[in-house]
């Protein structure tokens, strides 16, 4: 019985790209019914496996080579049976071709439009200004209406905040933890909530605060100094975000020039 390894199944999208793009006349890794399986195709599969955490080894190379041979055998038989002419299969092949081309476009765009480090440092300074130099430990109680929030406020002045939160809060993420949202910075919250937290003192309980989620009663449990990560530690993430913005802008420009009916 013909069997494919989990590596093939895990990277099936990559296989489509590698098969379409790697037929460059390089040394054959195998011959299947006289058809060469290029070594460059195997090299691409090895690279894909390494990117998924598989260490390069003779065993890996043997497994991937056998997988490519199996793929070649099955695809030859599918072609012999004329399956590539079936409407659904033809559409899948075309989608695979378009996906490979789109991926190549994105990779080439990133390569030819590098993000300047000065811009990344500007983003870094903006990030530091946004998150500030202090971290907050926050709890809250979420209810649907202002009147209910006022009732909660009266209760927490007499009872344990955590006890009331467990009984009445409608936030499923924090309810069972007594409303505890952990340590974070105000910019991670929606604006009215974050602004309220920023203005509070340790131990203070807020008046009801409205957001798109409902009404909150907030308690600032504690504060501490925030150690902002160094530029080099976040540079890659900042660069990826900028690249994504550039790619989306490029796609939008292409879309604006395209005739879509």
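The values are calculated or read from the model by the stated rules, or taken from the named source; none is laboratory data. Quantities reported herein were computed from a predicted structural model and do not represent experimental measurements. Reconstructed Cβ throughout: ideal geometry from the backbone, glycine too, with neighbour counts over all protein chains shown.
Assorted remarks:
- Any hit, the stretch 52-70, residues being assigned to a helix (DSSP H, G or I), in contact with a helix residue (DSSP H, G or I) (Cβ under 9 Å, 6 or more places away or on another chain) and exposed (fewer than 12 other Cβ atoms within 10 Å of the Cβ): no
- Just one residue in the set 143, 164 is in contact (Cβ under 8 Å) with a residue 24 or more places away in the chain and more than 12 Å from residue 221 (Cβ to Cβ); that residue is 143.
- Cβ pairs under 7 Å, 6+ apart, first in the stretch 107-129 and surrounded by 11 or more Cβ atoms within 10 Å (Cβ to Cβ), second at pLDDT below 95 and outside any helix (DSSP H, G or I): 128/228
- Scan of the stretch 117-148 for residues that are farther than 18 Å from residue 205 by Cα, modelled with pLDDT of 95 or more and in contact with a strand residue (DSSP E or B) (Cβ under 6 Å, 6 or more places away or on another chain), ordered by number: 144
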